[in-house]
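Below you'll find the structure, written out as C-alpha cells, and then a few comments.
All of the numbers you see were taken from the coordinates with simple rules; none came from a lab. Note that this is a predicted model, so its numbers are computed, not measured. Cβ coordinates were reconstructed from backbone atoms using ideal geometry, including for glycine residues, and neighbour counts include every protein chain displayed.
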Amino acid sequence: MEYNFKELESKWQQRWKENGTYHVEIDPARPKYYVLDMFPYPSGAGLHVGHPLGYIASDIYSRYKRQCGFNVLHPMGYDAFGLPAEQYAIQTGQHPAVTTERNITRYREQLDKIGFSFDWDREVRTCDPKYYKWTQWAFLKMFAHYYDRRLQKARPVEELVAAFDRNGTEGVDAACTSELHFTADEWRAMNEREREQTLQNYRLAFRADTMVNWCPQLGTVLANDEVKDGLSVRGGYPVVQKRMKQWLLRVTAYAQRMLDGLDALEWSDSLKEIQRNWIGRSVGAQVFFDVKGFGGKLEIFTTRPDTIFGVTFMVIAPEHEWVNPLTTPENKAAVEDYLEQTKKRSERERIAETRRVSGVFTGSYAVNPFTGREIPIYISDYVLAGYGTGAIMAVPAHDSRDYAFARHFGLEIIPVVEGGDISKESYDAKEGRLINSGFLNGLDVKEAIGVMFDEVEKRGLGKRLVNYRLRDAIFSRQRYWGEPFPICYKNDIATPLPETELPLELPSISDFGPTEEGEPPLARAEKWETADGYPLERSTMPGFAGSSAYYLRYMDPHNDHALVSREADDYWRSVDLYVGGIEHATGHLMYSRFWNMFLYDLGYVCEAEPFKKLINQGMIQGRSNFVYRVVGTNTFVSLGLKDRYETQEIHVDVNIVRNDQLDLEAFRAWHPEFADAEFILEEGKYICGWAIEKMSKSMYNVVNPDYIIEQYGADTLRMYEMFLGPLEQSKPWDTNGIDGVHKFLKRFWRLFFEGDALAVTDDAPTERELKTLHRTIRKVREDIENFSFNTSVAAFMICLNELGDCRKRAILEPLVALLSPFAPHISEELWHRLGHADSVCDAAYPVCEERYLVEQTFEYPVMINGKLRFKQEYDLSMTPDQIKADVVTRPVAQKWLDGKAPKKVIVVPGKIINIVF
RNA sequence: GCGGGUAUGGUGGAAUUGGUAGACACGUCAGACUUAGGAUCUGAUGCUUUGCAGCGUGGGGGUUCGAGUCCCUUUACCCGUACCA
C-alpha cells in the first residue's frame, strides 16, 4: 500500500475539524497546561517555510503534553492591527479591514495544511471590536490608576486625590513624571483643569509633551527608522524634532518589579540579560549644584560621587528646561545657533555621529559644593534629556566623554583617582586610590563612593537615587488602523468614556492619510465625537496594545462581561510555555509583563508573570542559488568552470534548482530575458553556486510551505523543520535534505503493510527489539522535555534502522503513539488501521521501562583509588573476573597500575565498580 | 565601546556533559533491481598515505592517565544595545 500522504492528511484534517478533536474546556479533574505561540501579523506575502518553525515545535509539545494526560490549551489568533495594511490602504484606497481579512483567510489555509492542534474556537483578532473592547478597558483602568511606590502596587487615582485633599503631596510616594510639591490648600485651590493636569503627572496612562520626529509635509510623527539625514525616507521632506502631546504608559513605575521578576522565569539568560539592560538600573546619587547668581540649584545624577572633587564643568542637554535662564545675554546668539543645529538632527543621527564633540557655553557658572570652585556650565547634545535629570557633572579625568569635551574646549582636567595615565585618555576604571579629594584621599573607589553617598546626604546636597534607563512608552500613533482611545475632550480636559460605552469602534473612512491640517486620519471621520458632542481622541493605540493581554483573552474568548472570568483565570492561570522570536525581547515581552502586572495589582489575574517558560526559536535563513552569466552575453557557465570567464552572479529561483543542479528548461521559462539562454555545462550538468542569506523575495530563495506539503506532505514538513537543527539556533533551510525524513516516513508506513493488507503480527518481540523500542522511548521523551527535537527525529530513524523489518504489534503500536506529536496524520491513520477507534491524540504517551535497558548492559563509572577514572559500558553477561581482566588490560589502567594487579574489583549490579589497590 | 552567543567532514548537525569525535541525514562513489529513474534496496565515504601509520573539533598555550567539552589567551563571524553620566 502506497503512503498516500495527500489523501490521508486531508482526510484527518477534515475529521479532526468535524470531531472537534482539539477543542478544550476547563476540566478541573485534569492538570492544565498552556502552550502559546506568538500570534502572527497576517502579512500579504503569506507564510514562508521559516514561519511555522515555532508553531511546529509548540504543537509537538502540546500534543506530547496532551498524551501525557494534561488538559492542554493551545490557541491561535492574529495580531491584525498594524502598519503594513495601513500603508497599503494609503496607496490603494483599499480598506485595511478588507486586506486584513483576506490575509487572515490565506494564513488560515496555510496553517490548516500543517495539521496543528489549535483550538480555533478560541481564535482572537486584535482588530475585532469584541476583542479590542478589552484593550480599551485596560487602558481606562490604567488611566484611572497611579502607582504607589510604598505599597509597590497600582492604586485608584481616587485614593491619590483623597491624599492630596488631606495633606497635599506630603507623604505621597507615587511614580510620576516629575516630583511635585504642593499643600492641601494649594490642591483645593486648583480648578478642574489644573487638577487634571496635576493628576496626569501620576496616572499610569497619561498625556504628556515628548520629543518626536515630526514631518510637517506628511503631517505625521515618524519612527526613527523612517527618517534619514533629517529628511523623511518617503518623499524626502524635512523632519524636525518637536515637542508633542502624546499618550504614554508609565511602564517605568514597574521597572524594579519587572527586573526582579526575571529571576524566577525560565527564560534564556541572554533574553533576561537583554531585558535587564533595557531596564538599565543604576544606583547613584542625586546632587544639587548651586548656580552663581541664580535662584535655583542644578540637579544632576551620578554613579560616581567619589569623583566630585574632579568636577571641572557641567553640561546640560539642549532640551533642558534651564537652557534659557542659564544663558547669559552675550552667549545668547551662540546658544541659539547651537540649539538650531541640534534640533535639525534626529535622535538617531545624534547617535550615529558618535563622539563628534560639540557644545556651547551658557555663560553661567555653578559651584562645586566640595571644592567651592566656580565651574562653567555648557550645553551639549552628548547629554541626553531623557535620562537622569538631563544634566551632568563632568569629570574629564575619569569619563571618556567628558574627557573628549574638555580637550575640545580646553577645560581643566583634574585626576582624582590614582592608577591611570590621563595624558591621552581618561581613566574610567572603578579601582584605585583617591587623590586631590580632601577627606576622600587614600580611600579606594568603592569605599569612597559609600562615604560620599553619606556625605552628600549629611550635607543636604542630595540623596541616593536609583535610575532606570527604561522610558515610559509612547502610546499614541497618528494612524488609522489601530484601537481608538476611549477618551473624549471636555473643554480640552481628557475624559474617559464610561466602560459601558466600550468598545469605541473605529469609524469607517475612505482616505487613510493625514489631513491637510496635519491631523491624524481619524479627523476625517464624520462625527468623531461623543453623543453629547465632545470630540474624541484622534490618534490610535500602537501595535503592542493589542498583543499585551491576548494570552488572557484566549482563556475565555467569548466573555462579554470580562477580559477573562475569574474561573477561567483560576484554572488556566498563565502561559506555561511560550514560543516565539527573540525580536520581541524589548517590545511585546516588556509591555505584556507590564500590562499583566498591572492587572495583577488590580486583582483581575492571579499570576504576576504572564509567561513562565519561554523558548526563542531561531530564524530560518534562505539558501540562495546563483547562476553565472558570462559578461555581455546570454551564456551561463556552471559553477566549476566560472573562473575561466568574466562572470556576473545572478540570483536564481531556488524552486527550479535541485541539489544545486539547475533545471535548464525551467530556467529558460522562468524569465523572458533567459528564454534563449545558452549554457556551458560540466559533466552534462549546470551546477549553481549558493549562499546563506535572509529568506526574501528579492533573493528568490523563498520556499513556500504549501509547495513542500504538496510534494512531501505535512508530516514530512513538520519532521524536517525539526530535523534541521537545534530549535533555538538560526539555520538555513535547504530543501535538498528533506528526502531523508520523507524516506523515513515511507519506510515506517511500509512496515505495516504487505501489499494492501495490514501485515502487523502478534508475535512476541525479542529482547533486542524491546531494548531498541524502550531506548527510543526514553530518548524521545527526554528530547521533547529538552526541546531537542532534531535529535528526537534522529532517534526515530535510528530505531527504524535497528528494527529492520520487524512487524510486531508490540513494537510498532507504541512507536505510532510515540511518533504522533511529530507526524500526527500518518500516526492517526496507522493507529486506526491497528484497530483503535479513538484518536491517537489521546493515546497515552509511551513510557520507557528501564528493565529492558538495564538488564542487558550497565554503564559504570569506575573508581580507582577513590577517584573517578573512566567509564565503560559492560555487558552483564560478563563475570566480575572478566570485567576485572578487561579493566587491568586497558592502557589507562595499566599506566596506573604499573603492571601490578588490583587487590579487589567490586562489581555492584546497578551502579559502581570499585577497584581497590 | 558594552552585553550575549557561535566556531566540529563537501553540507545540516550528533557526542550519555571530562571517557572510542563525526550519531542521524543530505551529498558523493560503487553495486543490485530496472526500458528508465529525481523510485527502491545494499555497501563505502573526516583528512594524508600504495601501505604501515600519522593528523584531526577556528589558532596558540595550560590542567588531566584522558579535553570538542574545563582554564588562560587569540582570531573570525552572528545577535542585541548604544554618548545611560
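What the table below lists for this structure:
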| item | result |
| --- | --- |
| FRET efficiency estimate (nearest 0.05) - Cβ-Cβ, A:L151 to A:A562, R0 25 angstrom | 0.50 |
| Two-site label geometry, A:V161 and A:R276: point separation in nm, points 7 Å out along Cα→Cβ | 4.3 |
| Chain A: angle of helix A:738-751 to the longest principal axis, Cα-based, in degrees nearest 10 | 40 |
| Shape of segment A:663-732, Cα gyration tensor, a/c cut at 1.5 | prolate |
| Unit charges at the beta carbon, dipole of chain A: most positive-side option, A:C848, A:V703, A:W322 | A:C848 |
| Cα centroid separation, segment A:452-502 to segment A:389-419 (Å) | 33 |
| Ranked A:D560, A:D37, A:D663, criterion: other C-beta atoms within 10 Å, fewest first | A:D560, A:D663, A:D37 |
| Using alpha-carbon coordinates, inclination of helix A:809-819 to the longest axis of chain A, degrees | 20 |
| Of the trypsin sites (Lys or Arg not before Pro) in segment A:382-473, those whose Cβ has at most 16 other Cβ within 10 Å and which sit in DSSP loop | A:K424, A:K430, A:R459, A:R469, A:R471 |
| Stretchable slack from A:K332 to A:E665, in nm (0.36 nm times residue separation minus alpha-carbon distance) | 112.5 nm |
| Neighbour-count ranking [beta-carbon atoms within 10 angstrom, fewest first] of A:R747, A:R63 | A:R747, A:R63 |
| Peptides ranked, highest mean first, by Cβ atoms within 10 Å: ranges A:550-558, A:42-50 | A:550-558, A:42-50 |
| Where Rh is the Kirkwood radius over Cα pairs, Rg/Rh for chain A | 1.03 |
| Full-extension gain in nm, A:I435 to A:E517, via 0.36 nm per residue minus C-alpha separation | 23.4 nm |
| Three-way shape call for segment A:55-204 based on the alpha-carbon gyration tensor, with the a/c threshold at 1.5 | oblate |
| Packing-based ranking, highest mean first, of A:303-315, A:169-181 given that Cβ atoms within 10 Å are counted | A:303-315, A:169-181 |
| Acute angle (nearest 10 degrees) that the helix A:96-112 long axis makes with the longest principal axis of chain A, alpha-carbon atoms | 30 |
| Karplus-derived HN-Hα couplings along segment A:547-562 (A = 6.51, B = -1.76, C = 1.60, θ = phi - 60°), whole Hz, x at Gly and Pro | 9, 6, 9, 5, 5, 6, 5, 4, 5, 7, x, 9, 6, 8, 10, 7 |
| Candidates per GluC sites (Glu not before Pro) in segment A:644-726, loop by DSSP, up to 16 other Cβ within 10 Å | A:E646, A:E683 |
| Calculated FRET efficiency for the pair A:Q341/A:V466, C-beta based, R₀ 30 Å, to 0.05 | 0.30 |
| Centroid-to-centroid separation of segment A:667-704 and segment A:238-304 [C-alpha atoms, Å] | 51 |
| Sequence ranges A:92-100, A:570-578, A:258-266, ranked by mean other-Cβ count within 10 angstrom, highest first | A:570-578, A:92-100, A:258-266 |
| Length-normalised contact order of chain A in % [C-alpha pairs under 8 Å, at least 6 apart] | 13 |
| Sites A:E18 and A:V367, calculated FRET efficiency, Cβ-Cβ separation with R0 60 Å, nearest 0.05 | 0.15 |
| Whether segment A:711-856 is rounded, prolate or oblate, judged on the alpha carbon gyration tensor where a/c under 1.5 counts as rounded | oblate |
| Computed lengthening from A:F182 to A:E728, 0.36 nm per intervening residue step minus Cα-Cα distance | 191.2 nm |
| Relative exposure of A:H561, A:H145, A:H836, A:H742, judged by other C-beta atoms within 10 Å (fewest first) | A:H561, A:H836, A:H742, A:H145 |
| Relative contact order %, segment A:737-854, counting alpha carbon pairs below 8 Å whose residues are six or more apart | 30 |
| Relative contact order, percent, segment A:489-646 [alpha-carbon distance under 8 Å, six or more residues apart] | 15 |
